[in-house]
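Below is one structure; the comments refer to it alone.
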Amino acid sequence: MADGTDDFHLNLYGYVPSKAAGYIFVIIFIITTLLHVIQAGRSRVWWLFPTVCIAGVAEIVGWAARLKSAYDPLVRTSYIIQVSILVIAPTPLVAALFMGFARVVRRLGGQYSRLRSTWYSRFFLTADIFSLLIQGGGGGIAAQGTTDPHKARLGSNIILGGLFVQIISMTFFSFLMGEYAWRRSKDRPFHKVDSIEGQYQRSQPMDRNMKMLIFGIIIPTAAVYIRSVYRIIEFIDGFNGSIAHNQVTFIIFDACLVTLALNTLNVMHPGTLLNATAQTQSYAMTEARTPSQK
């Protein structure tokens, strides 16, 4: 690659992507994604494949493109791939958090929740898919406008709209999680027990596995939320803004936070913990039906 001012202006990153960071995050995302595939298969929780596993694959593709750019930042195809993919990559992960919390509500007692457990999947998944479609469409327009500032700005604004949809839905989701935790801890149900499904009449105790599952949802939610706020600020500033051209902030507020979210779900895996809590509940119900021997 030739040096010079012209080459610098052709570099859409505004910097040369780090080879070290590229290799590190490609390896990290490959490892965490493989673990998620294995864990989802072993636990037989199939909804983790189109959510968490897809998010991991998207991160691998996006960071592989950035790694290629590290060797030649003037190649537009690599830049376009990483811009389009990395902005939407965590969105399927958010869907897993919604679905995971729906199962927490079902296990711990739906009477404490403002929404019925089925609506966490229906409402929030719809918002998540809508956000994904908007961001994907905006990324496509922005990719076509790498030489057209007007198209680039339009694409950026559309992506921004998708991110706002995501942040609004996650804010509402976080409020509902916090309210649920408060109501259950104070035993202040939102619904009468007999007004909702019979499955909620026997709520499961808050055992160690359930506590881990809840933390396994809260931590990734916080990480992706902060990441989304950062990306909103970045896109408001524009593709040529100081934030978009700052590699360190991108690594900290995007790559590291998504890594934290995916790795947390490896350690506090929804499938493993849901199966463990189901076994605990089954044992407790069996004990309750067994007459005491004196």
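With the requirement that a residue be part of a helix (DSSP H, G or I) and basic (Lys, Arg), what does region 40-66 give you?
First pass over region 40-66, keeping only residues part of a helix (DSSP H, G or I): 40-43, 46-66.
Across region 40-66, the qualifying residues are Arg42, Arg66.
Taking Ser185 as meeting all but one of (1) closer than 24 Å to Phe215 by Cα; (2) modelled with pLDDT of 90 or more, write down the number of the exception.
(2)
Quick check on this structure: which one of Ser84, Ser113 is modelled with pLDDT under 95, buried (at least 22 other Cβ atoms within 10 Å of the Cβ) and closer than 22 Å to Ile129 by Cα? Give the derivation first.
On the way: Ser113 fails: closer than 22 Å to Ile129 by Cα.
Only one candidate passes the filter, namely Ser84.
Filter region 141-160 for residues that are exposed (fewer than 15 other Cβ atoms within 10 Å of the Cβ) and part of a helix (DSSP H, G or I) and give the result.
Matches in region 141-160: Gln144, Pro149, His150.
Within region 9-22, track down each residue that is closer than 14 Å to Asp72 by Cβ, part of a helix (DSSP H, G or I) and either among the polar types (S, T, N, Q) or modelled with pLDDT under 95 (or both).
Once the filter is applied, which keeps residues that are closer than 14 Å to Asp72 by Cβ, part of a helix (DSSP H, G or I) and either among the polar types (S, T, N, Q) or modelled with pLDDT under 95 (or both), region 9-22 yields only Leu10.
Does Phe101 qualify as being part of a helix (DSSP H, G or I), surrounded by fewer than 16 Cβ atoms within 10 Å (Cβ to Cβ) and not hydroxyl-bearing (Ser, Thr, Tyr)?
no
Which of the residues spanning region 48-66 are over 19 Å from Leu257 (Cα atoms) and surrounded by fewer than 22 Cβ atoms within 10 Å (Cβ to Cβ)?
Answer for region 48-66, where residues must be over 19 Å from Leu257 (Cα atoms) and surrounded by fewer than 22 Cβ atoms within 10 Å (Cβ to Cβ): Phe49, Pro50.
From the list Ile218, Ile251, Ile214, Ile236, pick out the single residue that is hydrophobic (A, V, I, L, M, F, W, C), under 30 Å from Asn157 (Cβ atoms) and surrounded by 15 or more Cβ atoms within 10 Å (Cβ to Cβ).
The unique qualifying residue is Ile251.
Kindly provide the set of residues from region 161-194 that are of a type in the set (A, V, I, L, M, F, W, C), under 26 Å from Ala143 (Cα atoms) and surrounded by 14 or more Cβ atoms within 10 Å (Cβ to Cβ), ordered by number.
Listed by number, the residues that qualify are Leu163, Phe164, Val165, Ile167.
The values are calculated or read from the model by the stated rules, or taken from the named source; none is laboratory data. In this text the structure is predicted, and so the values were computed from the model without any measurement. Backbone-built Cβ (ideal geometry, glycine too); neighbour counts: all protein chains shown.
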